[in-house]
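Data block below; observations after.
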Amino acid sequence: MTSVATPLPDFYPGQRHPAGLKFALALFLVVLADFLFYDQRAGISVVLFAASLMCGSLATNFGGLDRGQAAPAAAIFLAGILPALEDLNPLSFTILIIALCGSVAILTNPNLKRLRDWLVALRDLLLIGPFRSIADATGLLNLAKLSAGFVLWLVPLALGGLFVLLFASANPLIEKWLAMLAPGSGASQVSMARILFWIAALLMIWPFLKLRWRRQIAIDLAAVDLDPASPEVTPQNPGESQAPRALPDFFGAPTILRSLILFNLLFAVQTVLDLIYLWGNGKLPSDVTYADYAHRGAYPLIVTALLAAAFVLTAMRPGGSAEASKIIRPLVYLFVAQNVMLVASSIQRLHLYVEIYQLTYWRIAAFI
């Protein structure tokens, strides 16, 4: 009897999670890496980022975790970060990376039985993983998938861009941040080196979020039927007619879900800034005056709230696909609550500005 090791398809422990969630978390980790490392001296920030990457990997691969290995994985990770907490040097950094990869592997890879399996897991994460990230990005260029994704994201990105423009016109801090991201602006801090840093960070982060482990099994060749006349899967006849594809629903449940997630995140930025600077009397940057912050936002924020209300009425129309969704309904409640906060902040802006300056007919109209 002869047996041979035959490769199987890669094992994906976190395949239940949508790619959009993983990509959003990857972008968050890239932003965190930029904040912690770009033009910064490495130190405890390395440990903080490793812990964040570990949490992100576990979150996106939660369905494939071996919970019986939680204690050994935690012990490996804690033992790996202790030297870096004491003194970050090439040796402690190497130990931290090995501990991070090992703790992720022991929780998600069921094939760790020999030292060779551990070395293969390290190779998958650190050496092959970044190249697989490039392949994943190339796969996004599939026109069929791209067109389907474009339909789902058309409404969220269009309205989201409009909300960003309104927030920028209402909030000098957001306007300043956008100017820092615009390459043609004199205040821009985006350079080719920084873009390359973002790409490199994304290539190293993505393998931890979309885990895949190579596996092999031994197959008994004597038990395999090698008869060429054995039945195969019959390919579909090219001449057979296929069912027509349904027309895209621009306000279907998937589109509304993506819109609400994006809009809640955008509105949360404005809400937090208002809580800090408008209601909490926080200290503004030296180049932004309190009068400018309070005055500019009244009218654009009211327009933003009206557009948001129109979206909610359209999305939650009676009999619509999103009306009975248990996921969408809480997001709608959160979105409405943030809009109420937005209107209250607009009234507070006008109230403070009238106290300092004067009451005009236009400000009376804005109050109404």
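Here LEU301 clears all of (1) at pLDDT below 75; (2) crowded, with 19+ Cβ neighbours inside 10 Å except the condition numbered (1). Could you look through the stretch 309-343, keep only residues that are hydroxyl-bearing (Ser, Thr, Tyr) and either outside any helix (DSSP H, G or I) or at pLDDT 80 or above (or both), and pick out the one that is surrounded by the fewest Cβ atoms within 10 Å (Cβ to Cβ)? Top of the filtered list is TYR333.
In the stretch 32-46, the residues that are of a type in the set (D, E, K, R) form Cβ pairs under 9 Å with partners that are surrounded by fewer than 15 Cβ atoms within 10 Å (Cβ to Cβ), at six or more places apart or across chains, as follows: ASP34/ARG194; ASP39/ARG194.
Looking only at residues of the stretch 32-57 that are buried (at least 19 other Cβ atoms within 10 Å of the Cβ) and within 14 Å of LEU107 (Cβ to Cβ), we find that the one that is nearest to the chain's Cα centre (by Cα) is GLY56. Regarding SER133, is this residue among the hydroxyl-bearing types (Ser, Thr, Tyr), crowded, with 18+ Cβ neighbours inside 10 Å and either assigned by TED's automatic domain parsing to the domain that holds LYS22 or modelled with pLDDT under 75 (or both)? Answer is yes for this residue.
The values are calculated or read from the model by the stated rules, or taken from the named source; none is laboratory data. These figures come from a predicted structure and were not determined experimentally. Because the Cβ atoms are built from the backbone with ideal geometry, glycine has one as well, and the counts that use them run over all protein chains shown.
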